[in-house]
Amino acid sequence: MRIAASDAEAKRGEAEGIHRLRTTTRRLRSELHSLDNLIDRRWRGQIEEELSWLAGRLGEVRDLDVLLARLKKAAIALDPAGSSEVALAPLFSTLQARRALAARLLNDALRGDRYRGLLGTLQQAAKRPALTDAASQPCRVVLPAAACSAWRRLKKAGRGLRATDPDEEFHELRKRAKRARYTAELIAPIMGREVARDAGRFIHLVTEVQDTLGQLQDAVVATREIDRGLAEHANDPAFVQAAHRLLESQHASDQSARQAFFKIWNKLERKKSRRWMRMWAKAKAHARA
């Protein structure tokens, strides 16, 4: 099982292990959501609640790892001699303390009964999945519709989006892009070599959308943390000066990510990027013939 395979490193507090376990948990949640008509709704609701709890614990640590790395890298870029990093020490100390607390809570969670219960439930489901009657139909008939549905939700959120729209709308679009990617990666291989190969372009572009919007979200989060630090250390001239320079770098990163997103989105909107979905329609007709 993917989660069990990732938890040993996470239990040791290793950043990469925590990252992999979080990604695995997110992917499973996305897959369950995409295949909702094939999975017993009551069972899915219960397991998604537990996965959401686990993802939250993992996210508290992982997000702080990403934030700390991003801000330290930006501080060094502003001043390779290190004076900015020294001036910003109060901000880094606060984030590191929050990270230490989050790591303790995660460690307790991964060694607790709730997590063991989740693993047991997933292991049981792997042997006897809680499926609906629709799951008895051929995979090539019922599964690809989930990819089309995920794309429609992504398209609805992405079309009409403007560079000046709120950060929350870009963040929501990122979540939909992630779901569309995971769904395509899950389903495309079962459709045969030709369809899977054609789906590769779609998956690549959706991944670029996801990554670019991830950079945007990271800049937004970093900006909020710097603003908080400025409020807390307004009487520290060295901190204020360094923080304002850091803030400018994050605003620039924000704008750069927004511009990059629209270029990628225009490519994703082209029909050839979604040709594999039309190929699925032909495969579906053939499977029912």
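Restricted to Cα atoms, region 138-289 shows a radius of gyration and a Dmax of 20.1, 75 angstrom.
Between E49 and D211, full extension at 0.36 nm per residue minus the direct alpha carbon distance yields a gain of 55.7 nm. Taking the Cα atoms of the chain, the ratio Rg/Rh between the radius of gyration and the Kirkwood radius comes to 1.03. Ordering T183, T223, T212 from the fewest to the most neighbouring beta carbons within 10 Å gives T223, T212, T183. Counting only Cβ charges, +1 for Lys and Arg and -1 for Asp and Glu, the dipole size of the chain around its Cα centre is about 1940 debye. The tail of the calculated P(r) for region 15-95, taken as Cα-Cα distances beyond 17 Å, holds 59 percent of the pairs. Over 23 Å between C-alpha atoms is what I'm after, so list which of K155/K272; K73/K155; K72/K267; K156/K263 land there. In this structure, K73/K155; K72/K267 exceed 23 Å between Cα atoms. Each of D198, D227, D40 has some number of other Cβ atoms within 10 Å of its Cβ, and from fewest to most they run D227, D40, D198. Placing unit charges on the Cβ atoms of the charged side chains and taking the dipole of the chain about its Cα centre, the candidate lying farthest along the positive direction among A134, S256, V66 is A134. Largest GNM mean-square fluctuation among Q255, Q137, Q210, using the chain with Cα springs under 10 Å: Q137. By how many degrees, 0 to 90 and rounded to 10, does the Cα axis of helix 167-187 deviate from the longest principal axis of the chain? That helix lies at roughly 40 degrees to the long axis.
What do you get for the angle between helix 2-11 and the principal long axis of the chain? Use alpha-carbon atoms, 0 to 90 degrees, nearest ten. Approximately 20 degrees, to the nearest 10.
Mind telling me which of R111, R274, R99 comes out most flexible in a GNM of the chain, alpha-carbon contacts under 10 Å? Taking springs between Cα atoms under 10 Å, the residue moving most is R111. Distant-in-sequence amide contacts of L131, defined by a placed amide H-H separation under 5 Å and a gap of 5 or more residues or a different chain, comprise D40. Each residue in R114, R193, R44 was given a count of other beta-carbon atoms within 10 angstrom of its own, and listing them fewest first yields R193, R114, R44.
The Rg/Rh ratio for region 77-195, using Cα coordinates for both the radius of gyration and the Kirkwood hydrodynamic radius, is 1.15.
Axis of helix 113-127 versus longest Cα principal axis of the chain: the two differ by about 30°, to the nearest ten degrees.
When +1 charges are put on Lys and Arg Cβ atoms and -1 charges on Asp and Glu Cβ atoms, the dipole computed for region 138-289 relative to its Cα centre reaches about 1780 debye. Pairwise inverse Cα distances across region 1-149, averaged and inverted, put the Kirkwood hydrodynamic radius at 17.6 Å.
Every number here is computed from the coordinates shown, using simple stated rules; none is lab data. Keep in mind that this is a model prediction, so the values were computed, not measured. Note that we place each Cβ from the backbone using ideal geometry, even for glycine, and neighbour counts take in every protein chain shown.
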